[in-house]
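Input: a single structure, listed below in structure tokens.
The values are calculated or read from the model by the stated rules, or taken from the named source; none is laboratory data. Bear in mind that the values here come from a model prediction, so they are computed numbers and not experimental data. Cβ atoms come from the backbone with ideal geometry, glycine included; neighbour counts cover every protein chain shown. Ligands, DNA and RNA are stripped out before the accessible areas are found, and what is left, the full protein with its side chains, is counted by its heavy atoms. Shrake-Rupley method; radii C 1.70, N 1.55, O 1.52, S 1.80 Å.
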Amino acid sequence: MSNIIVTPSYRDHRGIGLIQLNRPNVLNALNTETLVDIVETLESWSDIRAVIITGSDKAFSAGADIKKMAEASAMDQLLDQREKLWKRFSMIRYPIIAAVNGFCLGGGHELAMSCDLIIAGDKAKFGQPEINIGTVPGAGGTQRFTKAMGKSKAMYYALTGEMINAAEARELGLVAKVVPASTLMQETFVVAKRIASKSPVASSLIKESINQSFEMSLSQGLMLERRNFYLTFASDDQKEGMNAFLEKRTPDYKGN
Ligand code: CAA
């Protein structure tokens, strides 16, 4: 069985790619092979305008594969390609939405937080439970968690290993939207279609500007934002968007 099920341009949804984690026996635990499959798939798409990554009703992903990790040495971890894979994931230019039902824990939660936004079913459960198995988050859990909700809450959840329900996750700013679990994919496609209908040039520059806000000072971030704003004026999409507005018609963006 393959680790992921891939559907480019899912059904009638032009330009939307779907990646579904497919390791049901281990609640979609993330081994290195699965991460390779995700990253290589994302890198292979050229005409995609938005991607949805999802799991099953029971689990988005229950984290790194504990069966694989249990006997690993520090050198095994150091020499594994996961670090490079996470970096490659962060270089993807088009928007990636995590559609989360069920458990979204540890490395699974880190995968969801590495996406650009999270839409959650109302039964979803989030958390960094590594403390329960004698280790610590290793793929952004302490960093992105803290940036999403601040120090005290991040400390609380990472030190206790307690899970966060969907309503709390929305209040904490971890997720953008909570919807009934049974309509998660439908609602996520509505959002993905809306994003896919916009200029891909603009969406990739927005993605870059927002993600870089975590890496830069305010003045550096404002500078990057201004440069990206100017850069859109080199695109046909900016002309198309503004002309369509003036001509009172729907824009048709080509992504250049
Ligand atoms: N890795 C490997 N296998 C896992 C797994 C994981 N992360 N999570 C669950 N499984 C397996 C279970 O071992 C079980 O397998 P068997 O049927 O062969 O026994 C199967 O999936 C179903 O799991 P449960 O029977 O435990 O299901 P449950 O509904 O009773 O509990 C759960 C669900 C609360 C999510 C529980 O499975 C659990 O606590 N999982 C581990 C969560 C965790 O600690 N994640 C962090 C991993 S470390 C990490 O991610 C490091 C990092 O930052 C990179």
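Once R0 is set to 35 Å, what does the formula 1/(1 + (r/R0)^6) return for the Cβ-Cβ distance between Ser9 and Ser73, expressed as a FRET efficiency to the nearest 0.05?
The computed FRET efficiency comes out at 0.25.
Quick one: what Rg and Dmax do you get for the chain from the alpha carbons, in Å?
Expressed in Å, the Cα Rg and Dmax of the chain come to 18.8, 64.
Calculate how steeply helix 200-212 sits against the longest principal axis of the alpha-carbon atoms of the chain, using the helix alpha-carbon long axis, and give the answer as 0 to 90 degrees to the nearest 10.
It works out to around 50 degrees.
Counting Lys and Arg as +1 and Asp and Glu as -1, each charge on the Cβ, what is the dipole of region 25-130 about the Cα centre in debye, to the nearest 20?
220
What is the chain's relative contact order, in percent, from Cα pairs under 8 angstrom and six or more apart in sequence?
16
Each residue of region 95-105 in turn: what ³J(HN,Hα) in whole Hz from Karplus with 6.51, -1.76, 1.60 and θ = phi - 60°, glycine and Pro shown as x?
The phi angles translate into x, 10, 10, 8, 9, 10, 10, x, 6, 9, 10 Hz.
Accessible area of the chain with a 1.4 Å probe: how many percent of it is carbon plus sulfur?
The value for the chain is 56 percent carbon and sulfur by accessible area.
Write down the accessible area per residue of the chain in Å², having rolled a 1.4 Å probe over the full set of protein chains.
Counting only protein heavy atoms, the per-residue value for the chain is 55 Å².
Counting just the Cα atoms, what span does region 82-128 cover along each of its three principal axes? Round to the nearest Å and put the largest first.
Each principal axis gives a Cα extent; for region 82-128 these are 31, 21, 9 Å.
For a protection proxy built on the mean count of beta-carbon atoms within 10 angstrom, sort 214-227, 178-191, 110-123 highest first, please.
110-123, 178-191, 214-227
So for region 121-256, if I pair up every lysine 8 or more residues apart or on another chain, how many of those pairs have alpha-carbons under 22 Å apart?
Here the count comes out as 24.
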